[in-house]
Amino acid sequence: MIASEYLDYRERLDATMGSLADAARRSGAKVGQPGLLRHLVGALKDPFLLVVAGESGAGKSVFLNALAGEEFCDPVEGAVAYFKFGEYPRDVPAGDGLMELYRPSTFLKNFHIVEFPGTSVAIEGAAAVAERFVPMADLVLAVISVADAWTPGVWKSLDRVQLGHGKEALVVLSGCDLRT
């Protein structure tokens with residue numbers, strides 16, 4: 001599974017960065033440089049932030065559940081969903097159109113997911129949520145259904161999440177099995 005490969009890679013990178021920080025300290029590197037490396041090592045332990053956008057019904061939740069290998073993602077009405085790990089399921093309004101959803105998914109221990117609803121859903125504060133999360137995202141995914149890939153709403157969604165924040169998005173085309 002992709003999550004275990006990522007975690008293995010992260011662990012190897014952590015060990016390498018730690019060794020590099022130690023070597024920098026021993027070699028008399030300028031003050032601050034070993035500290036910067038230690039900060040980078042610490043940041044590796046932060047959950048991977050995945051931002052997902054796409055029209056309603058495009059298959060975002062199905063894709064995320066398949067990616068995780070377990071069901072944690074359920075569509076949220078009227079808010080941007082921010083999935084995090086929690087010992088038990090609970091939904092916490094976080095203001096500005098954001099709902100924090102805590103789920104007991106092992107996947108969410110290492111991955112945080114921000115899922116935007118489609119452009120047909122007007123959510124007050126969604127632009128502010130995008131301003132907050134998209135610049136910090138480790139990866140932005142645009143899930144597009146093959147059934148409606150050319151509708152204007154799809155491209156508005158990409159503009160809102162991708163172009164407006166200087167991030168490139170990886171496009172996931174869902175429903176390909178429904179077309180020849």
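The values are calculated or read from the model by the stated rules, or taken from the named source; none is laboratory data. Please read these numbers as outputs of a predicted model, since none were measured by experiment. No Cβ is skipped: glycine too gets one built from the backbone with ideal geometry, and neighbour counts run over all protein chains shown. Side chains are part of the model used for accessible areas, which takes the heavy atoms of the whole protein and leaves out ligands, DNA and RNA. Shrake-Rupley method; radii C 1.70, N 1.55, O 1.52, S 1.80 Å.
Here are the numbers for this structure:
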{"quantity": "D91 vs. criteria closer than 29 Å to A127 by Cβ and either assigned to a helix (DSSP H, G or I) or at pLDDT 75 or above (or both)", "calculated": "yes"}
{"quantity": "The stretch 107-149: number of residues that are more than 12 Å from the chain's Cα centre (by Cα), at pLDDT 75 or above and not in a helix (DSSP H, G or I)", "calculated": "4"}
{"quantity": "Selection from the stretch 45-82 of residues that are closer than 25 Å to P152 by Cβ, open to solvent by less than 60 Å² (accessible area, probe 1.4 Å) and in contact with a helix residue (DSSP H, G or I) (Cβ under 6 Å, 6 or more places away or on another chain)", "calculated": "V51, V52, A53, G54, E55, V80"}
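Every residue, every condition in (1) modelled with pLDDT of 75 or more; (2) in a helix (DSSP H, G or I), yes or no:
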site: D22; (1), (2): no, yes
site: V31; (1), (2): no, no
site: G35; (1), (2): no, yes
site: H39; (1), (2): no, yes
site: G42; (1), (2): no, yes
site: V51; (1), (2): yes, no
site: A58; (1), (2): yes, no
site: V62; (1), (2): yes, yes
site: L67; (1), (2): yes, yes
